[in-house]
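Asks: Here it is, the structure, as structure tokens.
The values are calculated or read from the model by the stated rules, or taken from the named source; none is laboratory data. Because the structure is a prediction, the values reported are computed rather than measured. Here the Cβ positions follow ideal geometry from the backbone for every residue, glycine too, while neighbour counts run over all protein chains shown.
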Amino acid sequence: MSASRKLLIIASCLALILLFATLLTLLILHRLGVINAWLFPVKPFSIVLVSISLSCGILAWSSRRATPKRNPSIQGQNSKPARPRWQNRLGAVLVLGVILLNVSTYLLAYQMTHVRVSGEPELGMLKPSNSQTPSDRGLAYTTHRIPISQTAWLEAWLIPPNLPNSKGTVLLFPGNLGTKGSQLLGPAETFSSLGYDSVLIDFQGVGGSSGNTITVGIKEAEDVVTSLEYVQSLNLPSPLILYGISMGTAAILRAISKYDIQPDAIILELPFSHLLNAIKVRFNYHKIPSFLIAELVVFWAGVQQGINGFTHNPIEFAKDVKCPALVIHGEQDKWTTVEEIQDLYENLQGPKQIVISPEAGHNSLIGVNRNLWNSSINQFFDSLDYRPES
């Protein structure tokens, strides 16, 4: 047996021993009350070690197959020559490279779609919290917990209008890793001043809501549906208008397309057209090769979350929108081009308006040119020909 094959077999065994030893240690410490084993990233940790063990085992097996024993007594007879060593090494490198690429993209997908509480020994981004409340801006509000199940909920703030009589209700949804306190208070101020009730909602995984995963608008679409049903149960004034920023727009469009909800109007600020393209653009911006890596991240995220990110394309969902829509975008947005926004806008089937700010990037226009943002919202609201059902 060659020295390299022995090393591969030893590495394969050590990876499995380390896995079982770690799991046993976690179980013992958990039973003793020393740690909470559920906070440890068992799944990705196990995937990595099992992949290492399998890769080393496969390489050891292939090296054995590639170097068969030959009987010196039959020298001179016709026999199949063994493959050159460089071919064996090249094959081993390719196999190992494929495994490492999948392991790394699996962990990257996990990191991008999971959040953790500060101090937890867990993979994932730090769960965003609400650093501000409406009170910090002089706005009255009440906190609502929208039930999803016995252990899951959405947290929402209800801000009443500044006028005696409400003109309607706006449901506000933040972007990726955004919270109602970090992204929605500014817009809510304007909606309140115009005479509308505002319901600011944290998606699952952020702010005051439960959960520890983020799916860039896929499962968040279910949060949109749940929120709309809850607001309808409160008998808040119509029209019911959905406002979303970035990921929030994708959740709104998906909810309309996949769950057939019927808001009276929608406001889409900084939407994106295709999930895969959005990830590729971000990788390229950070000098990370996007070819194949972006596809693998979307694939592994889908495996982890039980979703299909390759079909998460808001530009297609827009074809099912029949209600009035306002699209707001920044010409300097480094993630989504004006051409993509125009294509999405053209797919909207109802009455529609579009505002593209020359100076804004991928940030809410209200923070760049509040006067333009306010006038655009006011003009859109004035255009709504809403007649409540009798």
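Asks: Would you say residue 341 is in contact with a strand residue (DSSP E or B) (Cβ under 7 Å, 6 or more places away or on another chain), within 30 Å of residue 115 (Cβ to Cβ), in contact (Cβ under 8 Å) with a residue 12 or more places away in the chain and of a type in the set (Val, Ile, Thr)?
Replies: Taking the combined requirement at face value, the residue satisfies it.
Asks: A follow-up question, please. Residue by residue through segment 126-139, note down the ones that are farther than 13 Å from residue 211 by Cα and either in contact with a helix residue (DSSP H, G or I) (Cβ under 7 Å, 6 or more places away or on another chain) or crowded, with 16+ Cβ neighbours inside 10 Å (or both).
Replies: Those that are farther than 13 Å from residue 211 by Cα and either in contact with a helix residue (DSSP H, G or I) (Cβ under 7 Å, 6 or more places away or on another chain) or crowded, with 16+ Cβ neighbours inside 10 Å (or both): 130, 131, 132, 133, 134, 137, 139.
Asks: I've got another one for you. Out of everything in segment 118-177 that is out of contact with any Asp or Glu (no Cβ under 8 Å at 6 or more places or on another chain) and charged (D, E, K, R), what residue ends up being nearest to residue 191 (Cα to Cα)?
Replies: Step by step, filter segment 118-177, then rank; the result is 167.
Asks: When residues of segment 109-125 are filtered for being surrounded by 14 or more Cβ atoms within 10 Å (Cβ to Cβ) and more than 18 Å from the chain's Cα centre (by Cα), how many remain?
Replies: The total comes to 1.
Asks: Let me ask something additional. Please note which strands (runs of 3 or more DSSP E) are completely contained in segment 163-274 and include at least 1 residues that are surrounded by fewer than 24 Cβ atoms within 10 Å (Cβ to Cβ) and without any contact (Cβ under 8 Å) to a residue 60 or more places away in the chain.
Replies: 196-201
Asks: While we're here: Take segment 327-383 and flag every residue that is under 25 Å from residue 169 (Cβ atoms) and among the small types (Gly, Ala, Ser).
Replies: If the condition is that a residue be under 25 Å from residue 169 (Cβ atoms) and among the small types (Gly, Ala, Ser), then 350, 364, 367, 375, 376, 383 are the ones that fit.
Asks: Spot the failing condition for residue 341; the list is (1) part of a helix (DSSP H, G or I); (2) within 25 Å of residue 184 (Cα to Cα); (3) touching a helix residue (DSSP H, G or I) at 6+ places or on another chain (Cβ under 7 Å), and only one is missed.
Replies: With respect to (1) part of a helix (DSSP H, G or I); (2) within 25 Å of residue 184 (Cα to Cα); (3) touching a helix residue (DSSP H, G or I) at 6+ places or on another chain (Cβ under 7 Å), residue 341 is out only on (3).
Asks: If residue 298 satisfies all but one of (1) at pLDDT 90 or above; (2) under 26 Å from residue 110 (Cβ atoms); (3) part of a loop (DSSP other than H, G, I, E, B), what's the number of the condition it fails?
Replies: (3)
Asks: On to the next question. Among the candidates 203, 283, which residue alone is of a type in the set (A, V, I, L, M, F, W, C) and either modelled with pLDDT of 95 or more or in contact with a Phe, Trp or Tyr (Cβ under 6 Å, 6 or more places away or on another chain) (or both)?
Replies: Residue meeting the stated conditions: 203.
Asks: Restricting attention to segment 298-356, and to residues there that are acidic (Asp, Glu) and touching a Ser or Thr at 6+ places or on another chain (Cβ under 7 Å), which single residue is nearest to residue 240 (Cα to Cα)?
Replies: Here the answer is 320.
Asks: Quick one: how many residues across segment 344-368 are among the hydrophobic types (A, V, I, L, M, F, W, C), part of a helix (DSSP H, G or I) and more than 25 Å from residue 256 (Cα to Cα)?
Replies: Looking only at that region, the number is 1.
Asks: Let me ask something else about it. Hey, residue 289 hits all of (1) over 14 Å from the mean Cα position of the chain (by Cα); (2) touching a residue at least 12 places away in the same chain (Cβ under 8 Å) but one; which does it fall short on?
Replies: (2)
Asks: Checking the structure you have, find out if any residue of segment 308-328 is in a loop (DSSP other than H, G, I, E, B), surrounded by 16 or more Cβ atoms within 10 Å (Cβ to Cβ), free of Cβ contacts under 8 Å to residues at least 40 places away in the same chain and within 18 Å of the chain's Cα centre (by Cα).
Replies: No - not one qualifying residue is present in segment 308-328.
Asks: Could you identify the single residue in 288, 245, 266 that is in contact with a Cys (Cβ under 7 Å, 6 or more places away or on another chain) and either modelled with pLDDT under 95 or not small (Gly, Ala, Ser) (or both)?
Replies: None of the others qualify; the one that does is 266.
Asks: Follow-up. Which condition number in (1) modelled with pLDDT under 75; (2) part of a loop (DSSP other than H, G, I, E, B); (3) buried (at least 17 other Cβ atoms within 10 Å of the Cβ) is the one that residue 88 fails?
Replies: (2)
Asks: Oh, and also: For residue 371, work out the one condition from (1) at pLDDT 95 or above; (2) surrounded by fewer than 16 Cβ atoms within 10 Å (Cβ to Cβ); (3) part of a helix (DSSP H, G or I) it doesn't fulfil.
Replies: (1)
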